[in-house]
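The values are calculated or read from the model by the stated rules, or taken from the named source; none is laboratory data. Here the structure is a predicted model, which is why all the values come from computation and not from measurement. Backbone-built Cβ (ideal geometry, glycine too); neighbour counts: all protein chains shown. Side chains are part of the model used for accessible areas, which takes the heavy atoms of the whole protein and leaves out ligands, DNA and RNA. Shrake-Rupley method; radii C 1.70, N 1.55, O 1.52, S 1.80 Å.
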Amino acid sequence: MSNTRIASYVEENAARFIDELKALVRIPSVSTLHEHKGDVRQAAEFLVAQLREQVGMNIVELVETAGQPLVYAEHLGAPGKPTILIYGHYDVQPADPVELWRTPPFEPTVEGEDLRGRGAVDDKGPMFATIKALETLMRVEGALPVNVKVLIEGEEESGGESIEAYVKAHPERLQADCVLVLDTGMVERGVPTISYGLRGIAYAEIVARGASQDLHSGVYGGIAPNPLQTLAWVLTDLKGRDSRVNLPGLYEMMQPLAPKEQAALARQSKLQERELMTSGGLSVLPGEEGFSVAERAAARPTFEVHGIRGGFTGEGAKTVIPAEATAKVSLRLVPGQKPETVLELLARRVRELASPGIALEVRPLHGGDGALLPLDSPVLKIAAAALEEEFGREVAFMREGGSIPVVALFDSVLHAPIVMLGFSLPDDNVHAPNEKFYLPNYYAAIRTVATFLKRL
Ligand code: BES
Ligand code: MN
Ligand code: MN
């Protein structure tokens, strides 16, 4: 069977596949930072060239948007066969803190079996693996076994507004019988994983403003309001030491978890706890009491502080009462909790927490819906079989704590089954310094996607 031909093609071209992925990782396509706008575009152009020249798809477009460009490609050369829409993102998180990287974040480095670099596993490696799978099929079989549409965005890490507008404007163009996403994780190395859930997210900045200028803390200490102090009060009020989120209405919006799933998550917890502790360098996993780790990590809402800015943070001491302070925060959401509504609840609650002389403002940055996908679709079975053949082990079904906002939109607009195949490992340092891609997973992803498409 030609599965061995797929494997041989991947093996013969492995060195080039690595070089091409390195070239992509070298482009610092950080979508949230304006100074990288040109780099983001360059990454999109790189993919356009790949889809045109290496894969040879019939239609390949760089789609201009109000934000970062999208890459769209189409090859509908298999009449009567199903159509698959493949999604990925080519933008990456900021690399900071850069001093904690062992090698520069945008100088991709192979060390042992890992390729290190920002974006290596989120999502350049897995996304590019789908392109290499298409190339492999084209070269080995001379054609694609199904009709293929490819949609790759450059704004996933910064809110994904442009793809949202595009999907809403072109539902017929994107129509497909199934959607394939390679942007999630594996339970642990060697365990093939399909994700069936993602959390939603609501991201905002809380700004606290006091005096019109910084003040001497000797002259004004004891009489002037301190925005950093008020911000600290607000943050501790929003989440107590019991890890409950104090936003009236938040838990009421949740769809209850089925006892069966709760039990399944509790069983999975045992496996995940150990892995999460070692990968995260943790000795405890504190959080809401009465819920398993797997449930807390994927099926409960959260509130997290990402950064606080304000006052004096330089070397040494400076006695100052700052005029302004800001905190970046987000809530992870579960089915039933709409980001727009949650951002309103947050704004209302923060207003209630004001203290004399301090103006508090909530600036929403972005929001995205979570997704919970059915586990009984036939394409999921085909995908699971392809994964099991590749890894020689039974597939684990995982509910993810992370978010990919466009997935919920695909679900509601396209009404097609969505398959999320995970290839990032718990210790791949996603969003952290020294992000890496375990290269055996790169080849595994290419082969699995090629096999899956053949069997659709
Ligand atoms: N690929 C991740 C989502 C993810 C992370 C899935 C870990 C499974 C495991 C994605 O790129 C991501 O980081 N999304 C952001 C979304 C946000 C910025 C809208 C996230 O989850 O923080
Ligand atoms: Mn990602
Ligand atoms: Mn990410």
Qualifying residue in the stretch 32-41 (condition: among the polar types (S, T, N, Q), in contact with a helix residue (DSSP H, G or I) (Cβ under 8 Å, 6 or more places away or on another chain) and in the same structural domain as GLY154 (by TED's automatic domain parsing)):
yes
Helices (runs of 4 or more DSSP H) enclosed by the stretch 140-245 - at least 2 residues per element that are more than 16 Å from ligand 3 (Cβ to nearest atom) and under 20 Å from the mean Cα position of the chain (by Cα):
161-169
Residues in the stretch 353-370 that are small (Gly, Ala, Ser) and open to solvent by 50 Å² or more (accessible area, probe 1.4 Å): how many?
3
Counted residues in the stretch 135-183 being surrounded by fewer than 20 Cβ atoms within 10 Å (Cβ to Cβ), over 17 Å from ASP369 (Cβ atoms) and among the charged types (D, E, K, R) come to 5
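Being aromatic (Phe, Trp, Tyr) and open to solvent by 10 Å² or more (accessible area, probe 1.4 Å) is the filter here, so list the residues in the stretch 394-446 that pass it. Quick ask: steps written out before the conclusion?
Keep residues of the stretch 394-446 that are aromatic (Phe, Trp, Tyr), which gives 397, 410, 423, 437-438, 442-443.
Those that are aromatic (Phe, Trp, Tyr) and open to solvent by 10 Å² or more (accessible area, probe 1.4 Å): PHE397, TYR438, TYR443.
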Just wondering, is there one or more residues in the stretch 151-168 that are closer than 29 Å to ASP376 by Cβ, more than 16 Å from ligand 1 (Cβ to nearest atom) and either of a type in the set (Val, Ile, Thr) or in contact with a Ser or Thr (Cβ under 9 Å, 6 or more places away or on another chain) (or both)?
no
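This table checks each residue for (1) outside any strand (DSSP E or B); (2) over 15 Å from LYS132 (Cβ atoms); (3) touching a Cys at 6+ places or on another chain (Cβ under 6 Å).
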{"position": "PHE17", "(1), (2), (3)": "yes, no, no"}
{"position": "LYS22", "(1), (2), (3)": "yes, no, no"}
{"position": "GLY38", "(1), (2), (3)": "yes, yes, no"}
{"position": "LEU47", "(1), (2), (3)": "yes, no, no"}
{"position": "GLN54", "(1), (2), (3)": "yes, no, no"}
{"position": "TYR72", "(1), (2), (3)": "no, yes, no"}
Starting from the stretch 379-406, keep only residues that are basic (Lys, Arg) and more than 14 Å from ligand 1 (Cβ to nearest atom), then list their pairs with residues that are open to solvent by less than 40 Å² (accessible area, probe 1.4 Å) and not in a helix (DSSP H, G or I) whose Cβ atoms are within a distance under 7 Å, requiring at least 6 positions of separation or different chains.
ARG393/GLY190; ARG393/VAL191; ARG393/PRO192
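May I ask you to verify whether GLU344 is open to solvent by 30 Å² or more (accessible area, probe 1.4 Å), in a loop (DSSP other than H, G, I, E, B), free of Cβ contacts under 8 Å to residues at least 24 places away in the same chain and more than 13 Å from LEU228 (Cα to Cα)?
Numbers: open to solvent by 30 Å² or more (accessible area, probe 1.4 Å): yes; in a loop (DSSP other than H, G, I, E, B): no; free of Cβ contacts under 8 Å to residues at least 24 places away in the same chain: yes; more than 13 Å from LEU228 (Cα to Cα): yes.
No, not satisfied.
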Taking the stretch 385-410 and keeping only residues that are in a loop (DSSP other than H, G, I, E, B) and out of contact with any Asp or Glu (no Cβ under 9 Å at 6 or more places or on another chain), one is left with GLY392, ARG393, GLU400, GLY401
Only one of ALA258, ALA299 is modelled with pLDDT under 95, more than 16 Å from ligand 2 (Cβ to nearest atom) and hydrophobic (A, V, I, L, M, F, W, C); which?
ALA258
Matching residues in the stretch 46-61 - criterion: being surrounded by fewer than 16 Cβ atoms within 10 Å (Cβ to Cβ) and either on the phi < 0 side of the Ramachandran plot or among the β-branched types (Val, Ile, Thr) (or both)
ALA49, ARG52, GLU53, ASN58, ILE59, GLU61
Return yes when VAL110 is more than 16 Å from ligand 2 (Cβ to nearest atom), open to solvent by less than 10 Å² (accessible area, probe 1.4 Å) and assigned to a strand (DSSP E or B) and no when it is not.
no
Taking the stretch 57-104 and the residues there that are within 16 Å of ligand 1 (Cβ to nearest atom) and either polar (S, T, N, Q) or in contact with a Pro (Cβ under 8 Å, 6 or more places away or on another chain) (or both), the one that is nearest to VAL407 (Cα to Cα) would be GLY88
For residues in the stretch 87-107 being part of a loop (DSSP other than H, G, I, E, B) and crowded, with 24+ Cβ neighbours inside 10 Å, which is farthest from ligand 2 (Cβ to nearest atom)?
PRO105
